[in-house]
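The structure appears right after this line, and notes come after that.
The values are calculated or read from the model by the stated rules, or taken from the named source; none is laboratory data. These numbers were taken from a predicted model, which means no experiment stands behind them. Note that each Cβ is placed from the backbone with ideal geometry, even for glycine, and that neighbours are counted across all protein chains shown. All accessible areas refer to the heavy atoms of the entire protein, side chains included, with ligands and DNA or RNA removed. Shrake-Rupley method; radii C 1.70, N 1.55, O 1.52, S 1.80 Å.
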Amino acid sequence: MVLTVLTTLSLLIWLYLLFFNGWFWLSDQKLEGVEQDTGAVWPEVVAVIPARNEAETIGAVVSSHMATDYSGAFSIIVVDDQSDDGTGDIVRSLAESRMAGSALRPVVVAEGKPLPEGWSGKLWAVHTGLQAAEETAPDAAYVLLTDADIVHAPETLRKLVAKAERETRALVSVMAHLDARGVCGSLLMPAFIFFFEKLYPFRSTNDPASKIAGAAGGCMLVKRDVLAEIGGVEAIRGNLIDDCALALKIKDPTRAKRSIWLGFDPGVVSLRDNQDLATIWKMVARTAFTQLRFSTLALVGAVVGMVVTYLVGPLAFLTLPLHGNGLAFTLGTWVWIFMMIAYAPTLFLYKKALYWALLLPVSACFYMAMTISSALNHWRGAGGAWKGRTYS
């Protein structure tokens, strides 16, 4: 009887997710291409890239921005956030060599300042970059907030600006294509995207009338006057999940000029190596408990919810000889089928074989463990640890 109730509940959850949660699983929000009109007047843009010990990737990242085919004025500010691996020197060397070879895109290195109380490290670096932008690009209409491990295709900036201008969006964000190589990458990274879409359905985010607001911090084009209107990044200075916090501050269903857009584009690619489980674990555990607002009750609810949603159905299917409940077996079968149907578009996005959909329950188990690990880190005073910094 209990198993029948649980599998019924799991089936109802999946029916809701498939048909009543903003069609999140379709992964169909794509940044469309746009022809470059060299005669058009394209608004000025300034990129702000916070970088703390990113020597491994910063050269490729800055080079990708300098290679943009954007026709408007575009400058790049890299904030060297007290790196000790030569990150700033790499950017300076790259900027000087490009200048000597008639570079078209000016690059400025802003020195990071000591982190004040109440700020997250990334947001303080972004704040420093925005202050530098007041001198470097005072007339820029847009700010491109992007990460030091995200490369952009030459057409990316043009597509972002075109989307913002054409649809009057205050924020246009792209979920970077994550490294999903190897067993760990294949098992966990498409699932990471799937779970993110479930929390912040892209269609609902992109609907100006919806209150749902999400963004991907690796690539965010923000209207500069709107950013100033909400009080800049200072308004979210303590947030570790800063991208979604910014989206929530910007989006206003009552004001057309405050709509946002979130989607995918193959030209925005993360260079972060995700083949190692420890790397993924650290990334997720950094903010998972923050997502639950540090609530023990929410943690228990999340774990129970994940078990019912992702484990009950497959277990009822696999353990039929042990429980002998034909109805629970049938319900569990449909749960697993619906789960695989929902996951398939994300796997296609990452060019992964469909058999990985069978393992989504295993992926869910790993993410449950990472969430619990995040809570344990918080309780022992090591919450939000990242790049040598720990946040209470």
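When the residues of segment 347-392 are filtered to those that are under 30 Å from residue 124 (Cβ atoms) and among the charged types (D, E, K, R), the one that is modelled with the highest pLDDT is 380.
To keep it simple, each residue is scored yes or no on (1) charged (D, E, K, R); (2) outside any strand (DSSP E or B); (3) at pLDDT below 95.
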{"site": "90", "(1), (2), (3)": "no, yes, no"}
{"site": "108", "(1), (2), (3)": "no, no, yes"}
{"site": "118", "(1), (2), (3)": "no, yes, yes"}
{"site": "145", "(1), (2), (3)": "no, no, no"}
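Looking at this structure, is residue 170 closer than 26 Å to residue 284 by Cα, assigned to a strand (DSSP E or B), in contact (Cβ under 8 Å) with a residue 60 or more places away in the chain and of a type in the set (A, V, I, L, M)? So residue 170 does not fit the description; no. Just so you know, in segment 13-31 the residues that are open to solvent by less than 70 Å² (accessible area, probe 1.4 Å) and assigned to a loop (DSSP other than H, G, I, E, B) include one that is farthest from residue 168 (Cα to Cα), and it is 21.
In this structure, is residue 382 among the small types (Gly, Ala, Ser), under 27 Å from residue 268 (Cβ atoms), exposed (fewer than 15 other Cβ atoms within 10 Å of the Cβ) and within 28 Å of the chain's Cα centre (by Cα)? Criteria not met by residue 382. Looking across segment 227-256 at every residue that is within 25 Å of residue 287 (Cβ to Cβ) and among the β-branched types (Val, Ile, Thr), the one that is modelled with the lowest pLDDT is identified as 241. With respect to residue 40, determine if the residue is of a type in the set (A, V, I, L, M, F, W, C), open to solvent by 30 Å² or more (accessible area, probe 1.4 Å) and in a loop (DSSP other than H, G, I, E, B). So residue 40 fits the description; yes. Listed by position, the helices (runs of 4 or more DSSP H) inside segment 237-317 whose residues that are of a type outside the set (A, V, I, L, M), open to solvent by less than 50 Å² (accessible area, probe 1.4 Å) and in contact (Cβ under 8 Å) with a residue 40 or more places away in the chain number at least 3 are 242-250, 277-291.
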